[in-house]
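Notes follow the structure.
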Amino acid sequence: MANEGSASAAPVIETVEELLAHSKVLEEEAAERYEEIADAMEVHNNQEVAGLFRKLQEYALKHAAEVKERARGLTLPRISPWDFKWQNGSSPEGASMVDTHYLMTSYQALRLAHRAEMGAHDFYAAVAAHAKDAKVREIAAEFAEEEAGHVSMLEDWMRKHPKPEEGWDEDPDPPAMSE
Ligand code: ZN
């Protein structure tokens with residue numbers, strides 16, 4: 001393996017085409033994961049969080065559409081799954097979503113999404129910091145800013161859905177609160 005496993009190695013992306021090819025996959029995978037989470041939240045009867053994830057899915061799809069728009073007239077490289085320059089081997093917005101189907105609480109779902117959006121932000125920020133091509137830096141910085149917006153939106157939501165008490169998600173019929 002050429003990959004030394006250094007997770008902190010900065011992604012070296014030197015062309016707009018290569019950046020957009022990464023971005024397209026990143027956003028499409030994110031949209032898929034968010035849809036899965038929204039579905040899972042609906043199964044758990046959590047309409048509110050399902051709605052938040054439908055919104056995140058929408059943002060990811062919108063971002064993917066923007067990427068395709070920018071790629072118009074360009075020939076994006078076909079990149080094999082193992083040749084993507086993600087820092088940890090899988091796309092940052094999709095990577096942390098494997099536990100989707102075991103999600104029980106809003107808090108856990110939001111925390112996973114937060115980690116994913118942070119991963120996407122960090123990927124774009126690293127490209128923006130290290131690319132030699134000015135146009136690549138400019139687009140990556142713009143995308144990083146967009147992801148930072150998603151991160152802070154999730155932080156707002158997490159404040160509204162604080163870490164639940166043990167067993168919080170097991171009771172379909174919450175006890176009456178004295179106020
Ligand atoms: Zn995002």
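Cβ-Cβ below 9 Å, separation at least six or inter-chain, first residue in segment 49-64 and in contact (Cβ under 8 Å) with a residue 40 or more places away in the chain, second hydroxyl-bearing (Ser, Thr, Tyr) and surrounded by fewer than 20 Cβ atoms within 10 Å (Cβ to Cβ): which pairs?
These pairs meet every condition: 49/105.
In segment 133-149, how many residues are touching a Leu at 6+ places or on another chain (Cβ under 7 Å) and closer than 15 Å to residue 113 by Cα?
Residues flagged as touching a Leu at 6+ places or on another chain (Cβ under 7 Å) and closer than 15 Å to residue 113 by Cα within segment 133-149 amount to 0.
Please enumerate the residues belonging to segment 29-72 that are within 20 Å of residue 119 (Cβ to Cβ) and surrounded by fewer than 19 Cβ atoms within 10 Å (Cβ to Cβ).
Answer for segment 29-72, where residues must be within 20 Å of residue 119 (Cβ to Cβ) and surrounded by fewer than 19 Cβ atoms within 10 Å (Cβ to Cβ): 32, 35, 36, 55, 58, 61, 62, 66.
Of the residues 35, 27, only one is within 22 Å of residue 156 (Cβ to Cβ), within 11 Å of the ligand (Cβ to nearest atom) and not small (Gly, Ala, Ser); which?
On the way: 35 fails: within 11 Å of the ligand (Cβ to nearest atom).
Going through 35, 27 in turn, the sole match is 27.
What pairs can you find where one residue is in segment 135-155 and more than 16 Å from residue 110 (Cβ to Cβ), the other is part of a helix (DSSP H, G or I) and within 9 Å of the ligand (Cβ to nearest atom), and their Cβ atoms are less than 7 Å apart, with a gap of 6+ or different chains?
Going by the 7 Å Cβ cut-off, the qualifying pairs are 144/121; 146/63; 148/121.
Within segment 1-118, which helices (runs of 4 or more DSSP H) (wholly inside it) include 1 or more residues that are over 23 Å from residue 131 (Cα atoms), of a type in the set (A, V, I, L, M) and at pLDDT 90 or above? Spell out how you get there, then give the answer.
Values: elements: 16-43, 47-70, 92-95.
Result: 16-43, 47-70.
The values are calculated or read from the model by the stated rules, or taken from the named source; none is laboratory data. What you see is a predicted model; the values in this text were computed from it and never measured. Quick reminder, even Gly has a Cβ in these numbers, built from the backbone with ideal geometry, and neighbours come from all protein chains shown.
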